[in-house]
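One structure is given below, encoded as C-alpha coordinates.
The values are calculated or read from the model by the stated rules, or taken from the named source; none is laboratory data. The model shown is predicted, which means the values in this text are computed figures rather than measured ones. Note that we place each Cβ from the backbone using ideal geometry, even for glycine, and neighbour counts take in every protein chain shown. All accessible areas refer to the heavy atoms of the entire protein, side chains included, with ligands and DNA or RNA removed. Shrake-Rupley method; radii C 1.70, N 1.55, O 1.52, S 1.80 Å.
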Amino acid sequence: MTIEEFRLQCEKALEACRKESLEVDSLDTLNAFKGRHLGKKSALTGFYQGMRDLSPEEKKTFGQILSDLKTAMTEIYEERLKAIDEQILLAKMAKRKVDITLPGFHSERGTLHPYFKTVREIVDFFVGLGFTVADGPEVETDENNFERVNIPKDHPARDMQDSFSIADGWILRSHTSAVQSRVMKAMEGKEPVKILCPGKVYRRDNDATHSHQFGQIEGLVIAREATFANLLELLTKLLRHLFGEKRAVRFRPSFFPFTEPSIEADISCFECNGKGCSFCKHTGWIEILGAGMVHPNVLRINGYDESLCQGFAFGLGIDRIAMLKYGIDDIKKLYLDDVDFLAQFRKE
(Lines give C-alpha, C1' and ligand atoms only; values in the text may rest on other atoms or scores of the structure.)
Protein backbone atom coordinates (compact mmCIF):
# COMPACT_ATOMS: atom_id res chain seq x y z
CA MET A 1 0.00 0.00 0.00
CA THR A 2 1.36 3.36 -1.01
CA ILE A 3 1.45 6.34 1.30
CA GLU A 4 -1.22 8.10 -0.72
CA GLU A 5 -3.54 5.13 -0.53
CA PHE A 6 -2.98 4.92 3.23
CA ARG A 7 -3.58 8.63 3.66
CA LEU A 8 -6.84 8.32 1.73
CA GLN A 9 -8.06 5.49 4.00
CA CYS A 10 -7.25 7.56 7.09
CA GLU A 11 -9.19 10.52 5.69
CA LYS A 12 -12.21 8.29 5.06
CA ALA A 13 -12.01 6.95 8.63
CA LEU A 14 -11.82 10.52 9.98
CA GLU A 15 -14.77 11.62 7.86
CA ALA A 16 -16.85 8.67 9.09
CA CYS A 17 -15.91 9.56 12.68
CA ARG A 18 -16.90 13.18 12.24
CA LYS A 19 -20.20 12.29 10.56
CA GLU A 20 -21.17 9.76 13.23
CA SER A 21 -20.32 12.18 16.04
CA LEU A 22 -23.23 14.39 14.96
CA GLU A 23 -25.63 11.64 16.03
CA VAL A 24 -24.11 11.21 19.52
CA ASP A 25 -26.52 12.76 22.10
CA SER A 26 -25.90 10.93 25.40
CA LEU A 27 -23.12 9.48 27.51
CA ASP A 28 -24.13 5.95 26.50
CA THR A 29 -23.93 6.65 22.74
CA LEU A 30 -20.71 8.59 23.33
CA ASN A 31 -19.07 5.60 25.02
CA ALA A 32 -20.15 3.35 22.13
CA PHE A 33 -18.80 5.93 19.66
CA LYS A 34 -15.44 6.00 21.48
CA GLY A 35 -15.19 2.21 21.33
CA ARG A 36 -15.84 2.12 17.58
CA HIS A 37 -13.31 4.81 16.65
CA LEU A 38 -10.68 4.80 19.43
CA GLY A 39 -11.09 1.36 21.01
CA LYS A 40 -9.25 -1.94 20.50
CA LYS A 41 -11.54 -3.02 17.62
CA SER A 42 -11.54 0.33 15.82
CA ALA A 43 -10.17 1.08 12.33
CA LEU A 44 -7.44 3.12 14.02
CA THR A 45 -6.17 0.10 15.93
CA GLY A 46 -6.30 -1.95 12.70
CA PHE A 47 -4.10 0.61 10.95
CA TYR A 48 -1.52 0.36 13.74
CA GLN A 49 -1.50 -3.44 13.53
CA GLY A 50 -0.97 -3.24 9.72
CA MET A 51 2.32 -1.43 10.23
CA ARG A 52 4.12 -4.53 11.62
CA ASP A 53 5.60 -5.57 8.28
CA LEU A 54 6.68 -2.09 7.17
CA SER A 55 10.29 -1.00 7.01
CA PRO A 56 11.62 1.44 9.62
CA GLU A 57 11.52 4.21 7.07
CA GLU A 58 7.87 3.49 6.18
CA LYS A 59 6.85 3.12 9.84
CA LYS A 60 8.10 6.60 10.50
CA THR A 61 6.01 8.11 7.70
CA PHE A 62 2.89 5.99 8.24
CA GLY A 63 3.15 6.52 12.01
CA GLN A 64 2.98 10.30 11.66
CA ILE A 65 -0.19 10.00 9.55
CA LEU A 66 -1.76 7.71 12.19
CA SER A 67 -0.75 10.05 15.02
CA ASP A 68 -2.51 12.93 13.27
CA LEU A 69 -5.59 10.75 12.75
CA LYS A 70 -5.73 9.72 16.41
CA THR A 71 -5.35 13.34 17.54
CA ALA A 72 -8.18 14.47 15.27
CA MET A 73 -10.50 11.66 16.43
CA THR A 74 -9.70 12.38 20.09
CA GLU A 75 -10.59 16.06 19.59
CA ILE A 76 -13.93 15.07 18.02
CA TYR A 77 -14.65 12.80 21.01
CA GLU A 78 -13.73 15.48 23.58
CA GLU A 79 -15.86 18.11 21.82
CA ARG A 80 -18.89 15.81 22.00
CA LEU A 81 -18.15 14.99 25.65
CA LYS A 82 -18.05 18.70 26.53
CA ALA A 83 -21.30 19.34 24.64
CA ILE A 84 -23.09 16.47 26.39
CA ASP A 85 -21.83 17.58 29.86
CA GLU A 86 -23.24 21.04 29.20
CA GLN A 87 -26.58 19.55 28.16
CA ILE A 88 -26.72 17.50 31.38
CA LEU A 89 -25.88 20.57 33.48
CA LEU A 90 -28.55 22.68 31.78
CA ALA A 91 -31.11 19.94 32.33
CA LYS A 92 -30.26 19.80 36.06
CA MET A 93 -30.46 23.59 36.35
CA ALA A 94 -33.85 23.58 34.67
CA LYS A 95 -35.16 21.13 37.27
CA ARG A 96 -33.67 23.15 40.13
CA LYS A 97 -34.71 26.55 38.94
CA VAL A 98 -34.45 29.14 41.72
CA ASP A 99 -37.36 31.44 42.37
CA ILE A 100 -35.62 34.73 43.14
CA THR A 101 -38.86 36.16 44.56
CA LEU A 102 -38.72 33.79 47.56
CA PRO A 103 -37.32 35.20 50.83
CA GLY A 104 -33.75 34.23 51.58
CA PHE A 105 -32.46 32.21 54.52
CA HIS A 106 -30.94 34.11 57.46
CA SER A 107 -28.81 32.49 60.14
CA GLU A 108 -28.86 34.37 63.42
CA ARG A 109 -25.73 34.60 65.50
CA GLY A 110 -25.78 33.21 69.00
CA THR A 111 -24.71 34.98 72.16
CA LEU A 112 -23.09 34.23 75.47
CA HIS A 113 -25.65 33.16 78.08
CA PRO A 114 -26.36 35.93 80.65
CA TYR A 115 -25.18 33.58 83.42
CA PHE A 116 -21.79 33.13 81.78
CA LYS A 117 -21.61 36.80 80.78
CA THR A 118 -21.85 37.58 84.48
CA VAL A 119 -19.25 34.96 85.42
CA ARG A 120 -16.82 36.27 82.82
CA GLU A 121 -17.28 39.88 83.94
CA ILE A 122 -16.64 39.06 87.60
CA VAL A 123 -13.72 36.71 86.90
CA ASP A 124 -12.06 39.24 84.56
CA PHE A 125 -12.33 41.90 87.27
CA PHE A 126 -10.58 39.80 89.91
CA VAL A 127 -7.99 38.26 87.59
CA GLY A 128 -7.02 41.83 86.72
CA LEU A 129 -6.30 42.35 90.43
CA GLY A 130 -4.03 39.30 90.64
CA PHE A 131 -6.51 36.67 91.82
CA THR A 132 -6.16 33.05 90.72
CA VAL A 133 -9.26 31.05 89.75
CA ALA A 134 -9.60 27.81 91.75
CA ASP A 135 -11.98 24.91 91.09
CA GLY A 136 -13.15 21.83 92.96
CA PRO A 137 -15.64 18.93 92.78
CA GLU A 138 -19.37 19.44 93.24
CA VAL A 139 -19.62 16.26 95.31
CA GLU A 140 -17.75 17.14 98.49
CA THR A 141 -16.86 15.70 101.86
CA ASP A 142 -18.69 16.92 104.94
CA GLU A 143 -15.30 17.95 106.32
CA ASN A 144 -14.42 20.32 103.45
CA ASN A 145 -17.94 21.71 103.10
CA PHE A 146 -18.67 22.29 106.79
CA GLU A 147 -16.03 21.32 109.35
CA ARG A 148 -13.15 23.28 107.81
CA VAL A 149 -15.24 26.47 107.54
CA ASN A 150 -16.26 26.48 111.22
CA ILE A 151 -19.65 24.76 110.82
CA PRO A 152 -19.54 21.72 113.16
CA LYS A 153 -22.20 19.03 113.14
CA ASP A 154 -24.42 20.74 115.73
CA HIS A 155 -24.31 24.19 114.09
CA PRO A 156 -27.76 25.62 113.11
CA ALA A 157 -26.37 26.84 109.76
CA ARG A 158 -26.52 23.22 108.60
CA ASP A 159 -30.31 23.22 108.75
CA MET A 160 -30.62 25.28 105.55
CA GLN A 161 -27.48 24.00 103.78
CA ASP A 162 -27.10 20.29 104.53
CA SER A 163 -29.63 19.36 101.84
CA PHE A 164 -28.38 16.78 99.35
CA SER A 165 -26.66 13.79 100.89
CA ILE A 166 -24.89 11.43 98.47
CA ALA A 167 -23.43 8.89 100.90
CA ASP A 168 -22.12 8.78 104.44
CA GLY A 169 -19.86 11.83 104.75
CA TRP A 170 -20.47 12.98 101.14
CA ILE A 171 -22.86 15.72 99.95
CA LEU A 172 -23.51 18.04 97.04
CA ARG A 173 -21.58 21.12 98.10
CA SER A 174 -23.75 23.92 99.48
CA HIS A 175 -21.20 26.69 98.84
CA THR A 176 -17.88 27.12 97.06
CA SER A 177 -16.23 27.62 100.44
CA ALA A 178 -15.35 23.92 100.05
CA VAL A 179 -12.89 24.96 97.34
CA GLN A 180 -11.32 27.42 99.77
CA SER A 181 -10.95 24.57 102.27
CA ARG A 182 -9.12 22.48 99.68
CA VAL A 183 -6.79 25.33 98.73
CA MET A 184 -5.92 26.19 102.34
CA LYS A 185 -5.28 22.54 103.10
CA ALA A 186 -2.99 22.23 100.07
CA MET A 187 -1.09 25.40 101.02
CA GLU A 188 -0.21 23.90 104.46
CA GLY A 189 -0.21 27.25 106.23
CA LYS A 190 1.70 29.13 103.55
CA GLU A 191 0.59 32.58 102.45
CA PRO A 192 -0.32 34.72 100.62
CA VAL A 193 -3.52 33.16 99.27
CA LYS A 194 -5.53 35.12 96.72
CA ILE A 195 -8.15 32.97 94.99
CA LEU A 196 -11.55 33.22 93.33
CA CYS A 197 -13.86 30.18 93.36
CA PRO A 198 -16.77 30.14 90.86
CA GLY A 199 -19.06 27.13 90.47
CA LYS A 200 -22.42 25.46 91.01
CA VAL A 201 -23.78 24.81 94.50
CA TYR A 202 -26.91 23.06 95.82
CA ARG A 203 -29.40 23.97 98.57
CA ARG A 204 -33.02 23.32 99.49
CA ASP A 205 -34.57 26.40 97.80
CA ASN A 206 -37.24 26.81 95.13
CA ASP A 207 -39.05 30.07 94.33
CA ALA A 208 -38.90 32.89 91.77
CA THR A 209 -35.51 34.14 92.98
CA HIS A 210 -34.02 30.89 94.34
CA SER A 211 -33.27 27.45 92.94
CA HIS A 212 -32.02 24.16 94.36
CA GLN A 213 -29.03 24.66 92.02
CA PHE A 214 -27.38 28.02 91.51
CA GLY A 215 -24.02 29.60 90.81
CA GLN A 216 -21.77 31.14 93.42
CA ILE A 217 -18.47 32.98 93.35
CA GLU A 218 -16.42 33.23 96.51
CA GLY A 219 -13.11 34.96 97.06
CA LEU A 220 -10.46 34.40 99.69
CA VAL A 221 -7.39 36.45 100.62
CA ILE A 222 -4.97 35.39 103.36
CA ALA A 223 -1.92 37.55 104.00
CA ARG A 224 -0.15 39.29 106.85
CA GLU A 225 -1.21 42.71 105.56
CA ALA A 226 -4.85 41.84 104.70
CA THR A 227 -7.17 44.26 106.50
CA PHE A 228 -10.86 45.00 106.85
CA ALA A 229 -10.27 48.29 105.00
CA ASN A 230 -8.83 46.31 102.04
CA LEU A 231 -12.03 44.24 101.96
CA LEU A 232 -14.32 47.28 101.96
CA GLU A 233 -12.34 48.98 99.19
CA LEU A 234 -12.30 45.80 97.07
CA LEU A 235 -16.05 45.24 97.38
CA THR A 236 -16.84 48.89 96.64
CA LYS A 237 -14.83 48.71 93.41
CA LEU A 238 -16.47 45.41 92.46
CA LEU A 239 -20.05 46.62 92.96
CA ARG A 240 -19.45 49.86 91.06
CA HIS A 241 -17.78 47.86 88.29
CA LEU A 242 -20.89 45.67 88.01
CA PHE A 243 -23.63 48.26 88.52
CA GLY A 244 -22.14 51.64 87.63
CA GLU A 245 -19.59 54.03 89.07
CA LYS A 246 -22.28 56.33 90.51
CA ARG A 247 -23.91 53.54 92.52
CA ALA A 248 -23.93 54.15 96.28
CA VAL A 249 -22.59 51.26 98.39
CA ARG A 250 -23.24 50.58 102.06
CA PHE A 251 -22.08 47.91 104.51
CA ARG A 252 -23.99 46.65 107.52
CA PRO A 253 -23.21 44.10 110.24
CA SER A 254 -24.22 40.48 109.72
CA PHE A 255 -23.26 36.97 110.83
CA PHE A 256 -21.55 34.08 109.06
CA PRO A 257 -19.93 31.13 110.86
CA PHE A 258 -16.71 31.45 108.87
CA THR A 259 -16.09 35.21 109.23
CA GLU A 260 -15.72 37.58 112.17
CA PRO A 261 -16.64 40.40 111.87
CA SER A 262 -19.19 39.74 109.12
CA ILE A 263 -20.94 42.24 106.84
CA GLU A 264 -23.58 42.46 104.13
CA ALA A 265 -23.00 44.76 101.15
CA ASP A 266 -25.88 46.69 99.55
CA ILE A 267 -26.14 49.05 96.59
CA SER A 268 -28.57 51.91 96.05
CA CYS A 269 -31.62 50.82 94.05
CA PHE A 270 -31.18 51.48 90.35
CA GLU A 271 -34.95 51.63 89.83
CA CYS A 272 -35.60 54.56 92.19
CA ASN A 273 -32.03 55.79 92.88
CA GLY A 274 -32.45 55.14 96.59
CA LYS A 275 -35.80 56.87 97.03
CA GLY A 276 -37.70 53.66 97.74
CA CYS A 277 -39.89 51.55 95.45
CA SER A 278 -41.48 48.12 95.25
CA PHE A 279 -38.34 46.69 93.62
CA CYS A 280 -36.20 47.49 96.69
CA LYS A 281 -39.11 46.93 99.10
CA HIS A 282 -39.19 50.67 99.74
CA THR A 283 -35.80 50.66 101.47
CA GLY A 284 -33.80 52.30 98.70
CA TRP A 285 -31.19 49.51 98.92
CA ILE A 286 -30.62 46.13 97.27
CA GLU A 287 -28.73 43.38 99.08
CA ILE A 288 -25.88 41.99 96.95
CA LEU A 289 -23.34 39.89 98.87
CA GLY A 290 -21.89 38.80 102.19
CA ALA A 291 -18.31 39.09 103.38
CA GLY A 292 -16.06 39.43 106.41
CA MET A 293 -12.69 38.75 107.96
CA VAL A 294 -11.79 35.06 108.04
CA HIS A 295 -12.72 33.60 111.45
CA PRO A 296 -9.67 32.66 113.58
CA ASN A 297 -11.11 29.16 113.93
CA VAL A 298 -11.09 28.73 110.14
CA LEU A 299 -7.45 29.83 109.98
CA ARG A 300 -6.51 27.49 112.82
CA ILE A 301 -8.43 24.48 111.43
CA ASN A 302 -6.71 24.88 108.06
CA GLY A 303 -3.18 25.15 109.42
CA TYR A 304 -2.65 28.91 109.72
CA ASP A 305 -1.34 30.80 112.74
CA GLU A 306 -3.98 33.49 113.40
CA SER A 307 -1.41 35.53 115.32
CA LEU A 308 0.80 35.89 112.24
CA CYS A 309 -1.69 36.36 109.41
CA GLN A 310 -5.31 37.16 108.74
CA GLY A 311 -7.63 37.20 105.77
CA PHE A 312 -10.96 38.16 104.34
CA ALA A 313 -13.57 36.33 102.28
CA PHE A 314 -16.66 37.25 100.29
CA GLY A 315 -19.35 35.44 98.34
CA LEU A 316 -22.05 36.39 95.86
CA GLY A 317 -24.69 34.51 93.86
CA ILE A 318 -24.05 34.51 90.10
CA ASP A 319 -27.74 34.06 89.28
CA ARG A 320 -28.77 36.97 91.50
CA ILE A 321 -26.23 39.32 89.93
CA ALA A 322 -27.33 38.25 86.43
CA MET A 323 -31.00 38.80 87.31
CA LEU A 324 -30.30 42.28 88.66
CA LYS A 325 -28.04 43.32 85.79
CA TYR A 326 -30.32 42.08 83.01
CA GLY A 327 -33.76 42.57 84.57
CA ILE A 328 -34.67 38.86 84.78
CA ASP A 329 -37.68 38.27 87.03
CA ASP A 330 -37.52 34.47 87.41
CA ILE A 331 -34.36 32.46 88.08
CA LYS A 332 -35.77 29.48 86.17
CA LYS A 333 -35.43 31.42 82.90
CA LEU A 334 -31.67 31.02 83.21
CA TYR A 335 -32.01 27.24 82.91
CA LEU A 336 -34.83 26.71 80.38
CA ASP A 337 -32.79 27.18 77.14
CA ASP A 338 -35.56 29.41 75.79
CA VAL A 339 -34.20 30.79 72.48
CA ASP A 340 -36.61 33.74 72.47
CA PHE A 341 -35.51 34.68 75.98
CA LEU A 342 -31.80 34.35 75.17
CA ALA A 343 -32.09 36.31 71.89
CA GLN A 344 -32.63 39.58 73.76
CA PHE A 345 -29.06 39.42 75.05
CA ARG A 346 -27.55 39.21 71.56
CA LYS A 347 -25.67 42.27 70.34
CA GLU A 348 -26.59 43.00 66.74
Quiz item: With the contact rule set at Cα under 8 Å and sequence spacing of 6 or more, what percent relative contact order holds for the chain?
Solution: 15
Quiz item: For the modelled label position 7 Å from the Cα of E4 along Cα-to-Cβ, which residues of segment 47-83 have backbone nitrogen atoms closer than 15 Å?
Solution: none
Self-check item: Quarter of Cα convex hull surface for the chain, i.e. mean projection, nm²
Solution: 36.8
Quiz item: Quick one: how many Å² of I65 are accessible to a 1.4 Å probe, rounded to 10?
Solution: 20
Quiz item: Hey, rough spin-label estimate for T101 and E138, points 7 angstrom out along Cα→Cβ, what's it come to in nanometres?
Solution: 5.4
Quiz item: How much of the accessible area of segment 123-280, probe 1.4 Å, is carbon plus sulfur, in whole percent?
Solution: 52
Quiz prompt | Å² per residue, accessible surface of segment 281-348 at 1.4 Å | solution = 51
Exercise. Can you grab the distance from the C-alpha centre of segment 277-321 to the C-alpha centre of segment 211-271, Å, no decimals?
Key: 6
Practice problem: No other cysteine beta carbon under 4.7 Å away is the test; run it over the chain and list who passes. | Solution: C10, C17, C197, C309
Quiz item: To one decimal place, what Kirkwood hydrodynamic radius in Å is obtained for segment 10-118 from all pairs of distinct Cα atoms?
Solution: 18.3
Quiz item: Projected area of segment 63-219, taken from the Cα convex hull and averaged over every viewing direction, in nm²?
Solution: 25.1
Quiz prompt | Estimated Rh, segment 237-345: Kirkwood, alpha-carbon pairs, angstrom | solution = 16.1
Exercise. List the residues whose amide H sits under 5 Å from the amide H of G292, counting only those 5 or more places along or on another chain, with H placed 1.01 Å from N in the peptide plane.
Key: I263, A313
Quiz prompt | Area accessible to solvent at H212, 1.4 Å probe radius, in Å² | solution = 100
Practice problem: State the extension gain, in nm to one decimal, for the chain segment bounded by K281 and E233, taking 0.36 nm per residue of separation less the distance between their alpha-carbons. | Solution: 14.6 nm
Quiz prompt | Ordering of 228-236, 259-267 by packing [mean C-beta count within 10 Å, highest first] | solution = 259-267, 228-236
Quiz item: Span-like helices, the chain: DSSP H, alpha-carbon axial extent 20 Å or more, mean Kyte-Doolittle 0.5 or greater, which ones?
Solution: 228-243
Self-check item: Estimated [θ] at 222 nm from DSSP helical runs (n ≥ 4, -39500 (n - 2.57)) normalised by residues in the chain, nearest 500
Solution: -13000 deg cm²/dmol
Quiz item: Taking a label point 7 Å from the Cα of E260 along the Cα→Cβ vector, which residues of segment 299-335 have an amide N closer than 19 Å to it?
Solution: 299-314
Quiz prompt | GNM flexibility winner over the chain from E140, E58, E306 (Cα, springs under 10 Å) | solution = E58
Practice problem: Roll a 1.4 angstrom probe over the protein heavy atoms and tell me the percent of accessible area of segment 1-92 that is carbon or sulfur. | Solution: 53
Quiz item: Which cross-chain or sequence-distant (5 or more) residues have an amide H under 5 Å from the amide H of F131, H modelled 1.01 Å from N in plane?
Solution: none
Quiz item: What's the FRET efficiency of K41 with L89 using the Cβ-Cβ distance as r and R₀ = 22 Å, to the nearest 0.05?
Solution: 0.10
